[in-house]
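Since every read-out is calculated from the coordinates, none of them should be taken as a lab result. From a predicted model like this one, the values you see are computed outputs, not experimental measurements. As a convention, Cβ positions derive from the backbone with ideal geometry for all residues, glycine included, and neighbour counts pool all protein chains shown.
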């Protein structure tokens, strides 16, 4: 729709409501978006990582499936506002956090996206590095560079993959839609090819899935299953806690609620679980084939040998990483930067800044181990993003009954001004939601010594605790002001 006199400091063409002509995404586009995002190395790694932590194949798959069904619900809920009003996540956040307060959740989500962009770029670069080594028939390494802790060729491959993504980003959001639609069927095929290779080398499905649970009676970790399952489940929910916030960035391009709901339901839990099964099965098979679990597919593919296999693997890994990284990470971070300064920053500049920050985080240090990837990175940022999700959903569904003042979202003086542009109820709820998980996080990263067991347990449930606590506090503090007078629908 056409807005009447929006404030220029709050709008540009990238964050304005999507017009009817711009709503071109179908069920297939949304499902393809999810297939392109979930068929990626981190999905494979989280399945393989659960095996590495001691789970059997079926325990890992059940953990992944439950986590994805849980996170699908807030995903579809937050997607509703995007489809109904055509607005991206930073603009939706203005309703609950305030015109200026929306920068807080938006920047937090954007920083996580920058971290993920760096991780995915590192994975793409490492794929090139390992596969070049396989083609050369040996290790191409060398001494590590000072400070960085990686060798010169690794850095070169990392920067080359970074540059490839920048080329795609420069073409804008429509190029991402096209990439996802073309990549989805190819990535599904390559997943089955990798599964078939493991089946052949391990002499059947039985040996592939024969690695027992270390938590079984008589196993080395007998009676400790919950110690892996609970943080694994939280990490699985946290894996897509990012997209559960900024999914309106994509659903705004869809015509009907049915399309965004069906597209997400088909694309996320089904294919996430399917590809995680590939990671679980192949990692289990590596125990039979190589005598040790290899949860990182870039390392595994480097050990396969054969020129044709290396080239096919390189294409698949490049496409998988591109399709995930550009959609899941760049769009959110770029929109965050656009929302900070709409008059100065457009999508392209925001995407380039995101790409630069992705280098600065030294992403290879975030995924040095399965424990660090799951316990520090995934659970750590879920403690930040869970409370934001709780606040958004309570505000939109429970208090506003899905009615927003679309004009007011783009005005400095309006229903979302609150106190100086900040909504105190949302700020307080966010702090209260994050605080209980902070001691456990600090202990996990080694910044403090041991903490009381209750804080360690809370951190294990970080996303759930933060989501529920922030939602409850926000409802208590905001229901009189927000729930007492629903915003009019200016649409």
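A few comments on the model shown:
- Panel order for 114, 157, by other beta carbons found within 10 Å of each beta carbon, from fewest to most: 157, 114.
- Distance between the 7 Å Cα→Cβ label points at residue 398 and residue 153: 5.6 nm.
- Prolate/oblate/rounded call for the stretch 335-459, Cα gyration tensor, a/c under 1.5 rounded: oblate
- Label-reachable residues, the stretch 399-416, where backbone N falls under 17 Å from a point 7 Å from residue 479's Cα toward its Cβ: 399-402
- Ranking of 475, 463 by neighbouring Cβ atoms within 10 Å, starting from the fewest: 475, 463.
- R0 of 35 Å, Cβ-Cβ distance residue 62-residue 178: FRET efficiency to nearest 0.05: 0.50
- The label-point distance for residue 13 and residue 318, in a model that sets each label 7 Å from Cα toward Cβ, rounds to 3.1 nm.
- Spin-label pair residue 435/residue 292, simplified geometry with 7 Å Cα→Cβ offset, distance in nm: 4.6 nm
- Between the Cα long axis of helix 462-478 and the first principal axis of the chain there is an angle of about 0°, rounded to the nearest 10.
- Rel. contact order, % - alpha carbon contacts under 8 angstrom, at least six apart, the chain: 31 percent
- Alpha-carbon centroids, the stretch 7-26 and the stretch 29-71: separation in whole Å: 33 Å
- Rounded tilt (10° steps) of 379-393 against the dominant C-alpha axis of the chain: 30 degrees
- Fraction in percent of alpha-carbon pairs per bin - 10 Å, the stretch 16-368: 6, 24, 33, 24, 10, 2, 0
- R0 of 22 Å, Cβ-Cβ distance residue 221-residue 200: FRET efficiency to nearest 0.05: 0.10
- Counting neighbouring Cβ atoms within 10 Å and putting the fewest first, the residues 407, 154 line up as 407, 154.
- Pairwise centroid distance, computed over Cα atoms, of the stretch 384-431 with the stretch 83-131, Å: 19 Å
- When each of the peptides 276-285, 258-267 is scored by how many other beta carbons lie within 10 Å of its residues on average, the order from highest to lowest is 276-285, 258-267.
- Förster radius 30 Å - calculated FRET efficiency between residue 442 and residue 73, Cβ distance, rounded to 0.05: 0.50
- The stretch 1-138: relative contact order as a whole-number percent, Cα under 8 Å and 6+ apart: 25 percent
- Averaged over residues, the count of other Cβ atoms within 10 Å places the peptides 219-231, 51-63, 345-357, 87-99 in the sequence 87-99, 51-63, 345-357, 219-231, highest first.
- Principal-axis tilt of helix 424-434 within the chain, Cα atoms, nearest 10 degrees: 20 degrees
- Diffusion coefficient, µm² s⁻¹, Stokes-Einstein with Kirkwood Rh over alpha-carbon pairs of the stretch 81-142 at 20 °C and 1.002 mPa s: 146 µm²/s
- Evaluated at q = 0.14 Å⁻¹: base-10 log I(q)/I(0), Debye formula over Cα of the stretch 53-178: -0.99
- Of the peptides 39-47, 444-452, 201-209, the ranking by mean beta-carbon count within 10 Å, highest at the top, reads 39-47, 201-209, 444-452.
- Added length on full extension, which subtracts the Cα-Cα distance from 0.36 nm per residue, residue 210 to residue 145: 19.3 nm
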